Amino acid sequence: MAKLILFILLIFSVEPSVKCQERIDYLLPVRGLCIATPRPKEVDKFVRFIKDELVRGKINTLILRNDYNYMFQSHPELRDSDALSKNEVKKIVKVCRENHIRIVPQIDLLGHQSWANSPGNLLKAYPEFDETPWVKMPEKYEWPNPDKLYCKSYCPLHPKVHDIIFDLVDELCDVYETDAFHAGMDEVFYLGEDKCPRCAGRDKAELFAGEVTLLRNHLAMKNRRLWIWGDRLLDGKTTGLGEWEASYNSTSRAIDLIPKDVIICDWHYERADQTAVYFAMKGFDVVTCPWRESNIAVAQVDDMVRFRNSSTPEMKERFRGVVQTQWSDAGQFIESFYGRGDEKTGKNAGACFKAVIDEIGAIEKK
């Protein structure tokens with residue numbers, strides 16, 4: 001009799017939390033954070049942050065903006081000078097596996113091949129991949145500028161660029177033991193340039209779609225899924241979203257040319273724009289991505305739940321959830337999250353992420 005009573009007590013003590021977990025999994029299947037991979041000296045702090053905060057906040061997806069912060073064996077010439085070792089990466093893999101957090105590593109592909117007045121690692125090592133070699137990096141970067149330089153791109157039609165990229169993608173997916181990869185592909189301003197001997201005269205939408213499809217097909221051969229940012233698939237003029245959150249160079253038509261199993265990360269930082277509905281209606285799985293405005297992030301979480309609750313069964317499962325983004329390094333973000341560092345008040349990604357976690361908790365308990 002005592003054993004029976006104990007068994008009944010255990011059922012009733014566990015059941016509410018199980019139901020809550022099932023509810024939040026149902027309403028927000030993806031609950032994520034997009035964050036830069038830590039530098040080697042910050043790995044242990046980052047692992048503690050995962051254990052202490054991501055697990056508590058019901059986060060189940062971690063997009064790691066890795067780029068060249070890894071000791072690549074396939075192309076050591078592309079490593080950052082202070083890059084993660086395999087053992088350090090495995091610490092992150094271990095804590096995520098133990099807590100059922102999916103890792104999606106990222107390397108910025110196509111665009112974002114430079115920043116300010118310096119080319120990125122790929123174009124430093126292989127300047128022949130540059131889509132616009134005639135545009136020289138300025139001593140002092142300013143925007144706007146006569147060259148319309150925001151970030152450089154590699155030429156997607158260069159015959160050797162994908163030999164390098166595929167090696168990096170495969171090695172990174174292998175070390176993170178993952179079935180997904182994020183290729184970035186946001187804010188691509190240079191594409192199909194008239195002076196490029198390979199791209200001149202080509203349709204920019206077809207060029208963009210071709211690169212997405214090539215990456216998707218390569219990943220699919222190993223049962224891995226491609227994630228990208230969604231801004232280049234939106235028409236910036238028709239929507240009024242502008243040239244940052246959407247496209248002014250006609251790449252938006254690529255939305256009808258790329259495979260439907262690509263996952264779209266739909267980022268909007270100053271308004272809770274509801275373009276996730278557009279992506280879902282086009283047949284894509286989509287996650288909404290806030291940054292540093294807490295009230296907007298909360299609205300985006302609520303919108304995603306509403307979309308799922310008010311959609312047809314066919315549409316519902318395409319609304320996958322929410323991924324908080326941050327654009328400082330991992331150490332700065334953690335300090336911000338705990339209210340330390342330079343951003344103690346006002347708009348910051350740490351406070352915004354707290355608001356997202358709190359809203360997820362509130363939804364779970366309803």
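Quick note: the coordinates plus some simple rules give every number you see, no bench work behind them. Computed from a predicted model, the values in this text were never measured in an experiment. Counting neighbours? That spans all protein chains shown, and the Cβs are built from the backbone with ideal geometry, glycine included.
So what is the relative contact order of the stretch 32-365, in percent, for Cα pairs below 8 Å that sit 6 or more residues apart?
Details: 624 pairs, mean separation 50.6, N = 334.
Relative contact order for the stretch 32-365 comes out at 15 percent.
What percent does the relative contact order of the stretch 225-286 come to when contacts are Cα pairs within less than 8 Å and at least six residues apart? Before the final figure, lay out the partial values.
On the way: 89 pairs, mean separation 21.1, N = 62.
RCO, the stretch 225-286: 34 percent.
Of LEU110, VAL286, VAL356, which is farthest towards the positive pole of the chain's charge dipole, taken about the Cα centre with +1 and -1 on the beta-carbons of Lys, Arg and Asp, Glu respectively?
So the residue furthest toward the plus end is VAL356.
Around ASP108, which amide H atoms from residues at least 5 apart in sequence, or from another chain, sit under 5 Å from its own amide H, with H modelled in the peptide plane?
Distant-sequence amide H within range of ASP108: ASP67.
Output wanted: per-residue J couplings in Hz (rounded whole) for the stretch 124-136, from phi through Karplus 6.51 cos²θ - 1.76 cosθ + 1.60, θ = phi - 60°, x for Gly and Pro.
5, 7, 10, x, 5, 7, 5, 5, 10, x, 6, 8, 8
Cα to Cα, under 12 Å, and not fewer than 8 places away if on the same chain: which aspartates and glutamates meet these conditions relative to LYS365?
List returned: GLU22.
Identify which of GLU293, GLU42, GLU314 has the largest mean-square fluctuation in a Gaussian network model of the chain, with springs joining Cα atoms closer than 10 Å.
GLU314
Tell me which residues come under 5 Å, amide H to amide H, from ARG102 once H is placed; ignore anything under 5 positions away on its chain.
Those lying under 5 Å, H to H, from ARG102 are THR61, LEU62.
Checking the table LYS91/LYS260; LYS58/LYS86; LYS91/LYS354; LYS19/LYS94 against a 30 Å threshold on Cα-Cα, which pairs fail? Provide the component values of the computation, followed by the final result.
On the way: LYS91/LYS260 34 Å; LYS58/LYS86 27 Å; LYS91/LYS354 24 Å; LYS19/LYS94 27 Å.
LYS91/LYS260, as the Cα separations exceed 30 Å there.
Greater than 23 Å separation of Cα atoms is the criterion. Which listed pairs, LYS160/LYS204; LYS90/LYS347; LYS90/LYS222; LYS45/LYS366; LYS316/LYS366, meet it? Display every interim value, and only then the final one.
Values: LYS160/LYS204 20 Å; LYS90/LYS347 33 Å; LYS90/LYS222 21 Å; LYS45/LYS366 33 Å; LYS316/LYS366 20 Å.
Pairs exceeding 23 Å: LYS90/LYS347; LYS45/LYS366.
By count of other Cβ within 10 Å, fewest leading, how are MET281, MET315, MET221 ordered?
On the way: MET281 12, MET315 15, MET221 9.
Sorted ascending by nearby Cβ count, the order is MET221, MET281, MET315.
Would you list THR37, THR213, THR178 from fewest to most Cβ contacts within 10 Å? It would help to have the intermediate numbers written out before the result.
On the way: THR37 26, THR213 16, THR178 19.
Lowest count first: THR213, THR178, THR37.
Each residue of the stretch 228-235 in turn: what ³J(HN,Hα) in whole Hz from Karplus with 6.51, -1.76, 1.60 and θ = phi - 60°, glycine and Pro shown as x?
Whole-Hz 3J(HN,Hα) from phi for the stretch 228-235: 9, 6, x, 4, 6, 9, 10, 7.
Could you pull out every Cys in the chain that lacks a partner Cys with its beta carbon under 4.7 Å away?
Unpaired cysteines in the chain: CYS20, CYS34, CYS96, CYS151, CYS155, CYS173, CYS265, CYS289, CYS352.
Going by Cα centres, the stretch 98-170 and the stretch 178-242 are how many Å apart?
13
In whole Hz and in residue order, list the ³J(HN,Hα) couplings for the stretch 51-66 that follow from phi through the Karplus curve 6.51 cos²θ - 1.76 cosθ + 1.60, θ = phi - 60°; x for Gly and Pro.
3J(HN,Hα) across the stretch 51-66, in whole Hz: 5, 7, 10, 5, 5, 4, x, 6, 6, 10, 9, 10, 7, 9, 6, 8.
Sorting check: for 249-259, 223-233, 137-147, which peptide has the highest mean count of neighbouring beta carbons within 10 Å, and how do the rest follow? Kindly include the intermediate steps, with their values, before the conclusion.
Working: 249-259: 18.6, 223-233: 22.9, 137-147: 9.8.
Final packing ranking: 223-233, 249-259, 137-147.
Report the charge-dipole magnitude of the chain in Debye, nearest 20, computed about the Cα centre from +1 at each Lys and Arg Cβ and -1 at each Asp and Glu Cβ.
Details: 51 positive and 56 negative charges, 229 e Å.
With Lys and Arg at +1 and Asp and Glu at -1, about 1100 debye.
List every residue whose amide H lies under 5 Å from the amide H of ALA180, counting only residues 5 or more places away in sequence or on a different chain, with H placed 1.01 Å from N in the peptide plane.
ARG225
For LYS136, give me every one of the aspartates and glutamates with a C-alpha distance below 20 angstrom, ignoring sequence neighbours fewer than eight places off in its own chain.
List returned: GLU128, ASP147, GLU187, GLU193, ASP194.
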